[in-house]
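The values are calculated or read from the model by the stated rules, or taken from the named source; none is laboratory data. Owing to the predicted nature of the structure, the values given are computational and were not obtained by experimental measurement. We place every Cβ from the backbone using ideal geometry, glycine too, and count neighbours over all the protein chains shown. For accessibility, only protein heavy atoms count, side chains too; no ligands or nucleic acids. Shrake-Rupley method; radii C 1.70, N 1.55, O 1.52, S 1.80 Å.
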Amino acid sequence: MSAEAASSLQRNQVDLLEFIDWSGVECLNQNSSHSLPNALKQGYREDEGLNLESDADEQLLIYIPFNQVVKIHSAVIQGPEEEGPKLVKLFANREHMGFSNVNDFPPSDTIVLSEDNLKGKPVLLKYVKFQNVRSLTIFIEDNQSGSEISKVQKIALFGTTVETTDMKGLKKIEDH
Amino acid sequence: MVLEATMICIDNSEWMRNGDYSPTRFDAQKDAVSLICGAKTQANPENTVGVLTMAGKGVRVLVTPTSDLGKILACAHGVEVGGEMNLAAGIQVAQLALKHRQNKKQQQRIIVFVGSPVKYDKKVLELIGRKLKKNSVALDIVNFGEEDEEKTEKLEALLAAVNNNDSSHIVHVPPGPSALSDVLISTPIFTGDGEGASGYVAAAAAAAGGGFEFGVDPNLDPELALALRVSMEEERARQEAAAKKAAEEAGKGEKGEPSTSQDAIMTENVDPGTSEPEKKTHDLTDDENALLQQALAMSMDDSSSTVAVRDTDMSDASADDHDLQLALQLSVQDGKGDQSNPNDANNIFADQSYMSSVLAQLPGVDPNDPAIKDLLASMQNQSEKKEEDSESKEEEKK
């Protein structure tokens with residue numbers, strides 16, 4: 001497993017951080033002082049003191065749109081031993097889900113995080129389900145110890161981009 | 001200007017028949033609702049508002065969130081008062097309606113009017129509050145009507161469960177002389193956490209007559225406002241002229257000090273009974289005077305007729321007081337002298353609206369200019385002062 005994890009990086013999987021469309025990122029039930037950028041953004045997510053925390057109960061619903069079509073290969077979800085997430089469901093290309101309809105659709109993938117994962121070991125996803133992803137919804141259903149608040153220290157996604165046209169590179173053909 | 005979708009929950013239970021908020025609790029509520037709708041739609045054109053009723057046969061959505069203000073205001077018609085309010089169901093239906101809003105970028109907000117007793121447990125309400133917070137729905141509670149400790153306690157608990165960063169508020173409105181809407185205007189429910197809507201609020205307050213004299217907003221009805229203002233000025237001018245006459249008569253022999261008027265604005269303290277010699281001299285420059293009279297002379301058509309009549313009145317009403325008589329004669333002469341020119345203008349001044357329109361058309365003449373007001377006053381004095389003299393004489397005798 002560890003060999004696979006290491007080799008995932010060799011296969012040109014990049015951190016999809018730079019393809020996240022930050023203007024559309026949403027998180028339901030987050031504690032406003034411990035919010036999503038603490039887990040997603042470069043720098044913040046490396047800081048162990050800064051966590052994403054849930055508010056009213058232990059569930060969290062995170063919506064991440066991308067500015068390009070991507071394929072997601074694996075994910076890293078780090079958190080504290082006790083309050084870190086346990087059961088996580090991922091939905092590809094579902095816009096604006098709410099807690100009420102999160103159980104209406106089958107998830108694209110379901111992962112159960114172990115202690116190793118919470119320490120930084122990447123989780124391999126069902127790659128076939130994530131070939132054409134415009135947006136990702138992460139539903140954290142419960143946490144390791146069953147406490148009232150779930151805490152996430154870092155969320156990182158790895159994958160590749162699909163060959164999409166970069167509109168900025170589009171230039172007019174010069175006439176001879 | 002927060003982009004928001006709002007659902008307003010109206011309490012139309014039997015308790016709303018009470019008249020402790022005029023005219024009835026239900027009507028006061030309806031006013032407040034229409035004000036809120038207006039404020040929200042003005043704050044941001046993309047805002048949507050929906051309305052539902054909580055009592056009656058059951059929770060019923062009158063209009064789903066829409067930005068069409070007319071539709072929202074119309075839906076409140078024909079709502080019957082009766083039944084018992086179901087707070088929990090009302091809030092949940094509101095939440096559902098918001099979930100299905102067209103524009104998912106809008107923030108969700110529920111405004112609930114609670115006028116009747118709350119029959120749900122605190123626990124149940126707290127659960128509902130937490131669910132709202134989890135789905136990032138803000139809640140504003142208007143606590144009015146029935147008052148009991150339990151109700152207040154329960155609503156406060158609900159607010160505490162929902163509140164996230166002070167985006168939710170509760171307002172307690174006790175019964176009293178001021179209307180429900182007026183009390184709400186100053187609350188964060190209207191001002192939306194300090195931003196937006198304040199412009200609308202000011203206009204609404206003004207339209208209600210609070211900010212403007214005469215209770216008429218010049219923006220809405222300029223002619224009416226102007227006519228009211230001019231007639232008020234005319235009345236003040238008359239009164240002041242009468243006072244002036246009294247002062248002149250009192251101090252005629254000694255050539256009372258010419259006190260220069262400060263702004264030449266009519267003072268409200270002037271009434272015909274004052275004995276203080278308060279002479280007001282006109283600050284008009286001769287140029288202005290001549291110009292204005294010229295303009296008026298050009299535009300007038302009527303011929304004067306009433307002056308002669310007033311002269312006869314004068315002689316009939318001659319006083320016993322010798323001084324008074326002298327003064328009267330002097331003033332008559334003064335009047336005649338001044339009347340030679342704007343003779344015909346006197347009748348024009350009888351027609352208020354015509355005069356105001358003429359003034360408005362004259363370039364460089366601002367009807368509000370104190371100098372112009374003075375001139376008007378003086379004109380009016382001359383045409384009416386005969387009657388004033390007889391009036392003031394009678395009052396002096398008293």
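Computed from protein heavy atoms with a 1.4 Å probe, the total accessible area buried between B and A is close to 900 Å². Summing Cβ point charges (Lys, Arg +1; Asp, Glu -1) relative to the Cα centre of segment A:50-131 gives a dipole of roughly 640 debye. Restricting the calculation to Cα atoms, every distinct pair contributes to the Kirkwood radius of segment B:93-145, found to be 12.3 Å. At an R0 of 22 angstrom, the distance between the Cβ atoms of B:Glu126 and A:Ser33 translates into a FRET efficiency of 0.55. Accessible surface comparison of B:Lys151, A:Lys172, probe 1.4 Å, protein chains only, largest first: the order is A:Lys172, B:Lys151. The reciprocal of the average 1/r between distinct C-alpha atoms defines the Kirkwood hydrodynamic radius, which for segment A:5-85 equals 14.1 Å. Of the Cα atoms belonging to chain A, the radius of gyration and Dmax stand at 16.9, 70 Å.
What is the percent of Cα-Cα separations in segment B:1-155 that go past 26 Å? The calculated P(r) of segment B:1-155 puts 21 percent of pairs beyond 26 Å.
Over all distinct alpha-carbon pairs, what is the Kirkwood Rh of segment B:28-113 in angstrom?
13.3
When exposed loop sites are taken as GluC sites (Glu not before Pro) in a DSSP loop with at most 15 other Cβ atoms within 10 Å, the longest stretch of chain A clear of them is A:96-147.
Legend: calculated FRET efficiency, A:Ser100 to B:Asn103, from the Cβ-Cβ distance at R0 = 25 Å, rounded to 0.05, equals 0.85. Between B:Gln294 and B:Lys119, the distance separating the two model label sites (each 7 Å from Cα on the Cα→Cβ line) works out to 8.3 nm. Counting only DSSP H runs of at least 4 residues, each contributing -39500 (n - 2.57), and dividing by the residue count of chain A, the helix-based mean residue ellipticity at 222 nm comes to -2500 deg cm²/dmol.
Among DSSP bridges having both ends in segment B:1-154, what percentage is antiparallel? Round to the nearest 5. If we restrict to bridges inside segment B:1-154, about 15 percent are antiparallel. The amide H of B:Met7, built 1.01 Å from its N in the peptide plane, has B:Gly50, B:Arg109, B:Ile110, B:Ile111 as neighbours under 5 Å, considering only residues 5 or more places off or on other chains. With only the Cα atoms considered, segment B:152-194 has a convex hull volume of 58 Å³ per residue. Between the amide H of B:Ile170 and those of B:Ile141, distances stay under 5 Å, these residues lying 5 or more places away or on another chain, with hydrogens modeled in the peptide plane. In a simple Cβ point-charge model (Lys, Arg +1; Asp, Glu -1; nothing else charged), segment B:1-43 has a dipole of about 80 debye relative to its Cα centre.
What segment B:11-88 shows is 43 Å² of accessible area per residue, with the surface traced by a 1.4 Å probe over protein heavy atoms.
With every protein chain kept in the model, how would you rank B:Leu291, B:Leu158, B:Leu62, A:Leu124 by accessible area, 1.4 Å probe, largest at the top?
B:Leu291, A:Leu124, B:Leu62, B:Leu158
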